[in-house]
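Colleague: Would you mind keeping the following structure in view while I ask a few things?
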Amino acid sequence: MKITLPGLFDLQVNGFAGVDFNGAGLTADAVHAALDAMRVTGVTRCLPTLITSSFDDFAANARVLARAADPAIAGIHMEGPYISPHDGARGAHPRAHVIAASVEDFQRRQDAADGRIALVTLAPEVDGALPLIEHLAASGVRAAIGHTMASPQQIADAIAAGASLATHLGNGCPQLLPRHPNPIWELLAADEVLASLIADGHHLPPSTFKAMVRAKGPQRIMLVSDAIACSGKPPGEYAIGGQACTLGEDGRVSLIGTPYLAGSSLTLDRAIGNTVRFTGLSLDEVLPMASTIPAAFVGASTAGLLEADWDPEAFTLHVTRIAASAATDTHANQSPHRA
Ligand SMILES: [Zn+2]
């Protein structure tokens, strides 16, 4: 079945097609190459994501991304370094560079990024997190809760301060949790926050994925790839920010020597097919989760129109044509999802 849809919008991409946005020596040419490869999968805009690292490494890569001046870049997602230091919650983020939150530290990172940081994922229980969330909300930067072991009260406080997203809900938390309360239930129940989900079948079992989408409601779900350099590449060894990881035959990306996931090899076109398959929702209900909802969430626009073949039996979406149109952001400092 031939369909037309808006260009896809990915809030969380760590790299693509052999390029690691977190790697040393990142160049504008490499960034453009990764974005070009991503376009083939239908993603016409995204937030390249920089995970926890030293200030110098962050600043170097943020500068390259900001100055690449590629219209596909709608901003930068800074994931960490203000996250839980604990194993499990921390995921693949290096402990050595996990630090307390402060407006000052954020501001020097934002300056290094030429003001392009549009989304910050942090843990509310970290020292300094709440004042920073207030600062972010006041300055038009979205604050997301993730890689956290926060208590229900800490999560409620973060939402009151302006946090509006649960980053890759159901991941970035310890393997073993109290059945309840725990951060997953709290974030799932909070109607004020949207949730991003990784629909690769590895980060969340299909049943969990389906239950989360039903609980949040399709209007509050955004599909992210959390892709790393191995996306669009064969199984083997890759890296994220200098840490070795392996892409298995089954598509799972693991930090070598640990049980922890280290991003994904997912592409957003496959995430859409998987979401229809896992949830039983219609394609029309799922498409906004990967296009207009994330774009509106960061106050950006989608770009371009896609033509695609949709196979409802195999749940595959194959992008066949991308009609170019320049991205025009007219309301970068407003979030339609906040009262
Ligand atoms: Zn993460």
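The values are calculated or read from the model by the stated rules, or taken from the named source; none is laboratory data. Here the structure is a predicted model, which is why all the values come from computation and not from measurement. In this analysis, Cβ positions are derived from the backbone assuming ideal geometry, glycine residues included, and neighbour counts consider all displayed protein chains. Heavy atoms of the whole protein, side chains included, go into the accessibility calculation; ligands, DNA and RNA do not. Shrake-Rupley method; radii C 1.70, N 1.55, O 1.52, S 1.80 Å.
Colleague: Report in % the part of the accessible area of the chain that belongs to carbon and sulfur, leaving out ligands and nucleic acids; probe 1.4 Å. Show your work: numbers first, answer last.
Modeller: Details: 7020 of 13230 Å².
Carbon plus sulfur share of accessible area: 53 percent.
Colleague: Determine the relative contact order of the chain: mean sequence separation of Cα pairs under 8 Å and six or more apart, normalised by residue count, in whole percent. Kindly include the intermediate steps, with their values, before the conclusion.
Modeller: Numbers: 789 pairs, mean separation 71.2, N = 339.
Reported relative contact order: 21 percent.
Colleague: May I ask you to list the trypsin sites (Lys or Arg not before Pro) in the stretch 160-241 that are in a DSSP loop and have at most 10 other Cβ atoms within 10 Å of their Cβ?
Modeller: Numbers: sites: Arg179, Lys210, Arg214, Lys216, Arg220; in loops: Arg179.
In loop regions of the stretch 160-241 (DSSP not H, G, I, E or B), the sparsely surrounded trypsin sites (Lys or Arg not before Pro) are Arg179.
Colleague: Asp191: accessible area at probe 1.4 Å, nearest 10 Å²?
Modeller: Accessible area of Asp191: about 100 Å².
Colleague: Counting DSSP beta bridges with both partners in the chain, what percentage is antiparallel, nearest 5?
Modeller: Details: 23 of 47 bridges.
So the antiparallel bridges in the chain amount to around 50 percent.
Colleague: Per residue of the stretch 307-319, in order, report the coupling 6.51 cos²θ - 1.76 cosθ + 1.60 (Karplus, θ = phi - 60°) as ³J(HN,Hα) in whole Hz, putting x for Gly and Pro.
Modeller: 10, 8, 9, 10, 9, x, 7, 8, 6, 10, 10, 10, 6
Colleague: Kindly provide the pair-distance distribution of the stretch 72-186 built from C-alpha pairs, with 10 Å bins from 0 and whole-percent values in order of increasing distance.
Modeller: With 10 Å bins starting at 0, P(r) equals 15, 49, 30, 5, 0.
Colleague: Now, a different point. Looking at the stretch 155-250, what % of its DSSP beta bridges pair antiparallel, to the nearest 5? The partial results should precede the final answer.
Modeller: On the way: 5 of 10 bridges.
Bridges in the stretch 155-250 are about 50 percent antiparallel.
Colleague: Next up: Lys/Arg Cβ at +1, Asp/Glu Cβ at -1, dipole of the stretch 183-337 taken about the Cα centre: which of Gly280, Ala215, Val298 is farthest positive-ward?
Modeller: Of Gly280, Ala215, Val298, it is Ala215.
Colleague: Follow-up question, since we're still on this one. Size of the dipole of the chain about the Cα centre, Lys and Arg at +1 and Asp and Glu at -1 on the beta carbon, nothing else charged, in debye to 20? Walk me through the numbers on the way to the answer.
Modeller: Details: 22 positive and 33 negative charges, 64 e Å.
Charge dipole, the chain, about its Cα centre: 300 debye, nearest 20.
Colleague: For the stretch 121-147 and the stretch 196-267, write down the distance between their C-alpha centroids in whole Å.
Modeller: Rounded to whole Å, the Cα centres lie 24 Å apart.
Colleague: Also, quick follow-up: With every protein chain kept in the model, how would you rank Ser301, Ser264, Ser282 by accessible area, 1.4 Å probe, largest at the top?
Modeller: Final ranking, largest accessible area leading: Ser282, Ser301, Ser264.
Colleague: OK, next. Going by amide H atoms built from the backbone, whose H comes under 5 Å of the H on Ser291, apart from near neighbours?
Modeller: Phe9
Colleague: With the cut-off at 1.5 for a/c, could you classify the stretch 260-309 from its C-alpha gyration tensor as rounded, prolate or oblate? Provide the component values of the computation, followed by the final result.
Modeller: Working: a/c = 1.64, a/b = 1.16, b/c = 1.41.
It comes out oblate by the Cα gyration axes.
Colleague: Positive end of the charge dipole of the stretch 1-120 (Lys, Arg +1 and Asp, Glu -1 on Cβ, about the Cα centre): tell me which of Ser54, Ile3, His97 has its Cα farthest that way.
Modeller: Ile3
Colleague: What is the chain by shape, rounded, prolate or oblate, if you read a ≥ b ≥ c off the alpha carbon gyration tensor as root eigenvalues and call it rounded for a/c under 1.5, prolate for a/b larger than b/c, and oblate otherwise?
Modeller: Because its axes are fairly even, with a/c under 1.5, the chain counts as rounded.
Colleague: Here's another thing I want to ask about it. Rg and Dmax of the stretch 189-286 over Cα atoms: what are they, in angstrom?
Modeller: Final numbers for Rg and Dmax: 14.2, 41 Å.
Colleague: When ligands, DNA and RNA are left out and all protein chains stay put, how many square angstrom of accessible area per residue does the chain have with a 1.4 Å probe? Can you show the working numbers first?
Modeller: Working: 13230 Å² over 339 residues.
Per residue, the chain has an accessible area of 39 Å².
Colleague: In whole Hz and in residue order, list the ³J(HN,Hα) couplings for the stretch 262-278 that follow from phi through the Karplus curve 6.51 cos²θ - 1.76 cosθ + 1.60, θ = phi - 60°; x for Gly and Pro.
Modeller: 10, x, 9, 10, 6, 10, 5, 5, 6, 4, 5, x, 4, 5, 4, 5, 6
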